Amino acid sequence: MEILRKPPYPLSISYSVNFPEADYKLFIKDKARDIILLEEVVTSTEDSKIEYDLTEYFSKYDDSYELSIYEYPESELGDIVVEDNLEILRPYVDVSTMATTASEIAEYDGYEKIARTIIDSIVGGFYYYTDYVETVGQGTDYMPLWNRTYKILKVYENSVLVYDTSNTEDGPALADWNYLITKDKSAITKDPVSAIDGFNRSEQQPPNIMVAPSDSYALFDTEDSGNIYTISPGVAFPKGYDYIFLLEQGYKVVPNDIKDATLMLMDDIKCGKLDYYKRYILNYSTDQFRIQIDKSALEGTGNILVDKILDKYKVNITKLGVL
């Protein structure tokens, strides 16, 4: 089932089940992280349907979920009766402003879905979602961000939860540091909970300073050991430390030029301008001829104006790698 994430909220789901006025147990799981987000006992209606209003969380983010409904006689899980993919995605344009009747709205919904899918296949999409980022400290005061990020929800340092915005009593800082996104949205940094004077952040790993051996001071217990000690300034993200960040990423609102691009593609689809035989076939064959398709059939959206709009949103490098 696909639900368009748009007002009015809350979003609701409806599924047919086996029996009327019977208890069932509803599970909604995050497929990517294998986490149960919702577990609820529901009762079917007189016409054997499960109808349920989703919580605020599902109205806030775009994502794909695993939905299951089990029979629940005598407070025990029975047979599974529904197993489905629940897709909650924000449309790029509101088709209710383009049509009036239910049949017209359904028709334009189909055009919008095709146009949105075409755009997503080229630039990845303009959705708002939460995602875990696992990384390792590099001995600097900054942790680079590769995707558009709005908010830090949780931080784990070496498997210990140190920052949690959902903790309203002790948090969000559960240790000595607050975690912040830099003004240019390019990295995560840390500020101490207790106010201190300003300090200069390290953009690169500070050099190690070797201390010369000394006859008067022994760093180790054995007096014949060489007293060579390395001094390294402290950093926010020490080298080798493990970090897990739960972040809000993506686009809170759809950019206006993407809305324009979607409308142009919807018009092309409705008018048949994207038919392949009108754009890409160089030669058509019957018994005597063969079909030859231009290589541009595999590139772009078929509308040069839309392609130009999408060019500025293309990202060639999505993850740091090694060449």
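For this structure, a couple of remarks:
This table checks each residue for (1) farther than 16 Å from Ile122 by Cα; (2) touching a Lys or Arg at 6+ places or on another chain (Cβ under 8 Å); (3) at pLDDT 90 or above.
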{"position": "Leu263", "(1), (2), (3)": "yes, no, yes"}
{"position": "Asp268", "(1), (2), (3)": "yes, no, no"}
{"position": "Tyr277", "(1), (2), (3)": "yes, no, no"}
{"position": "Tyr284", "(1), (2), (3)": "yes, no, no"}
{"position": "Ala297", "(1), (2), (3)": "no, yes, no"}
{"position": "Lys312", "(1), (2), (3)": "no, no, no"}
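- Residue in the range 105-120 that is not in a helix (DSSP H, G or I) and not assigned by TED's automatic domain parsing to the domain that holds Lys259 present: no
- Among the residues listed as Leu67, Leu86, Leu54, the single one being closer than 29 Å to Thr262 by Cα, of a type outside the set (Ser, Thr, Tyr) and in contact (Cβ under 8 Å) with a residue 60 or more places away in the chain: Leu86
- The residues in the range 142-159 that are hydroxyl-bearing (Ser, Thr, Tyr), surrounded by 16 or more Cβ atoms within 10 Å (Cβ to Cβ) and not in a loop (DSSP other than H, G, I, E, B) can be counted, and the count is 2.
- Qualifying position, being closer than 15 Å to Phe237 by Cα, surrounded by 15 or more Cβ atoms within 10 Å (Cβ to Cβ) and among the hydrophobic types (A, V, I, L, M, F, W, C), among Val123, Val95, Val162: Val162
- Pairs, first at positive phi in the range 157-177, second among the hydroxyl-bearing types (Ser, Thr, Tyr), C-beta under 9 Å, six or more apart: Asn158/Tyr241; Asn158/Tyr243
- The residues in the range 46-83 that are surrounded by fewer than 14 Cβ atoms within 10 Å (Cβ to Cβ) and hydrophobic (A, V, I, L, M, F, W, C) can be counted, and the count is 2.
- Some residue of the range 63-79 being within 16 Å of the chain's Cα centre (by Cα) and part of a loop (DSSP other than H, G, I, E, B): no
- Selection of the range 232-265 for residues being closer than 29 Å to Lys314 by Cβ, assigned to a loop (DSSP other than H, G, I, E, B) and in contact (Cβ under 8 Å) with a residue 60 or more places away in the chain yields Tyr251, Lys252, Val254, Pro255.
- Scanning the range 165-180 for residues that are under 28 Å from Gly125 (Cα atoms) and surrounded by fewer than 18 Cβ atoms within 10 Å (Cβ to Cβ) gives Thr165, Ser166, Leu180.
- Subset of the range 124-159 [farther than 16 Å from Tyr241 by Cβ and among the hydroxyl-bearing types (Ser, Thr, Tyr)]: Tyr127, Tyr128, Tyr129, Thr130, Tyr132, Thr149, Tyr150
The values are calculated or read from the model by the stated rules, or taken from the named source; none is laboratory data. These numbers come from a predicted model, not from an experiment. Every residue, glycine as well, gets a Cβ built from its backbone with ideal geometry; the counts of neighbours run over all protein chains shown.
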